[in-house]
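The next block holds one structure in the form of structure tokens; read it before the comments.
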Amino acid sequence: MQQFLSVDDVSNIDLLVQQALAYKADPYRDRELGRSKRIGLLFLNPSMRTRLSTQVAAQNLGMEAIVFNVGSEGWALEFAEGAIMNGTTVEHVKDAAPVMGNYFDILAIRTFPSLKSREEDYSEAYIRQFVKYAGIPVVSLESATLHPLQSLTDIITMTEALPALPPGKKPKVVLTWAPHVKALPQCVANSFAQWVNAWGQADFVVTHPEGYELDTRFTNGATIMHDQEMALKDSDFVYVKNWSAYSDYGKVLCTDEAWMLNNAKLQLTNNAKVMHCLPVRRNVELSDEILDGPNSLVTREASNRVWAAQAVLAEILRSSIKR
Ligand code: CP
């Protein structure tokens, strides 16, 4: 693996999941793999799980992890080609990224979308410029449109929690939109859809109010439903997430509290396990009764972030050793 920006960088999802589960069983089995290697973790936006889990994962592999909160501690970065930098930005990514490429063996980056220009966000210009100018493998810690480490974790978590089903029957996985007080990116939902489709081991349904259709590049293959209760019927996993509109880009079109998952709706499912990437707005996106109840996988899911990151970093380290 030369980089990790999306599921397209993964040749075999199941193998990567098994590698992650092997690390969960024995975290230090490859503690020499990253000896004398260094990873830079660059945050242009806030994080808790991604930052800590990737640091732990790197350290389990014997790597040194250096965190740089670019957004709050670094020089304001410029990304525009040909920019006349007489405003607030101080350093161009063209100058910063090659320096970082010399400090580190792997560069991992979190950037969020502006939610102002769909074209700009969906061009993934920020992370792609780090790829272009750093000259070392780049790992996405969430980009403008995708969150692949989260999605790998989600597949790992579903693999662990698969219910006993009749032979040949796939689990029914439902991605449901939930209300929120702010306009949030589509990253987690896009990425979850992309990975579940690529995984190919689920009957996949996406449900949301009208107007919240995601980019079909990610959802193609899923059944799209606007009736949440119908969508939830007989489901085995319910993935809850808010996102802002993709068509009317970045807008909040619906605040209907009835879209929040609760125990009454859970009765429609096949005793489904409930997932959310966290952080979650309690009693807005998801009810206390679900989050604190027996069907919630959210803590396990967040804990599994370590093993997903460790499997990805190990793959990249192995590839760099081969070169
Ligand atoms: N799920 C997730 O990415 O969490 P953080 O934003 O805290 O990293």
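The values are calculated or read from the model by the stated rules, or taken from the named source; none is laboratory data. Fair warning: this is a prediction, and the values are worked out from it, not measured in the lab. Cβ placement follows ideal geometry from the backbone for every residue including glycine, while neighbour counts extend to all protein chains displayed. Surface accessibility is based on the protein's heavy atoms, side chains included, excluding ligands, DNA and RNA. Shrake-Rupley method; radii C 1.70, N 1.55, O 1.52, S 1.80 Å.
Only one residue of Asn220, Ala189, Thr153 has its Cα farthest out toward the positive end of the dipole of the chain, where Lys and Arg carry +1 and Asp and Glu -1 on Cβ, and that residue is Thr153. Accessible surface for Thr207 stands near 0 Å², nearest 10, in the context of the full protein assembly shown (1.4 Å probe). Below 10 angstrom from the Cβ of Ala193, what's the summed charge of the other residues (Lys, Arg +1; Asp, Glu -1)? Once all neighbours under 10 Å are counted, the net charge is 0.
The residues of the chain present an accessible area of 44 Å² per residue when probed at 1.4 Å with all protein chains retained.
To the nearest 10, the accessible area of Val138 is 0 Å² with a 1.4 Å probe. Calculated FRET efficiency, Asp288 and Asp8, Cβ-Cβ r, R0 41 Å, to nearest 0.05? It comes out at approximately 0.60. In the chain, the portion of solvent-accessible area held by carbon and sulfur atoms comes to 49 percent [1.4 Å probe, whole percent, DNA, RNA and ligands not counted]. Using only side-chain charges placed at the Cβ, +1 for Lys and Arg and -1 for Asp and Glu, the dipole size of the chain relative to its Cα centre rounds to 840 debye. For the pair region 187-215 and region 29-98, the centres of their Cα atoms are 29 angstrom apart. Assuming a strict under-26 Å limit between Cα atoms, what lysine pair count do you get for region 162-296 once near-sequence pairs (fewer than 8 apart, same chain) are dropped? Close lysine pairs under the 26 Å cut-off: 23.
Suppose only helical runs count, i.e. DSSP H with n ≥ 4. What mean residue ellipticity at 222 nm does that imply for the chain under -39500 (n - 2.57) per run, divided by all residues and rounded to the nearest 500 deg cm²/dmol?
Details: 14 runs with 122 residues, N = 323.
The helix contribution divided over the chain gives -10500 deg cm²/dmol.
Candidate cross-link partners of Lys132 among the lysines, defined by an alpha-carbon separation under 16 Å and a same-chain spacing of 8 or more, comprise Lys94.
Hey, got a sec? Which GluC sites (Glu not before Pro) in region 1-94 land in a DSSP loop and have at most 10 other Cβ atoms within 10 Å? Could you put the intermediate results ahead of the total?
Values: sites: Glu32, Glu64, Glu73, Glu78, Glu81, Glu91; in loops: Glu32, Glu81.
Hits after loop and neighbour filter: Glu32, Glu81.
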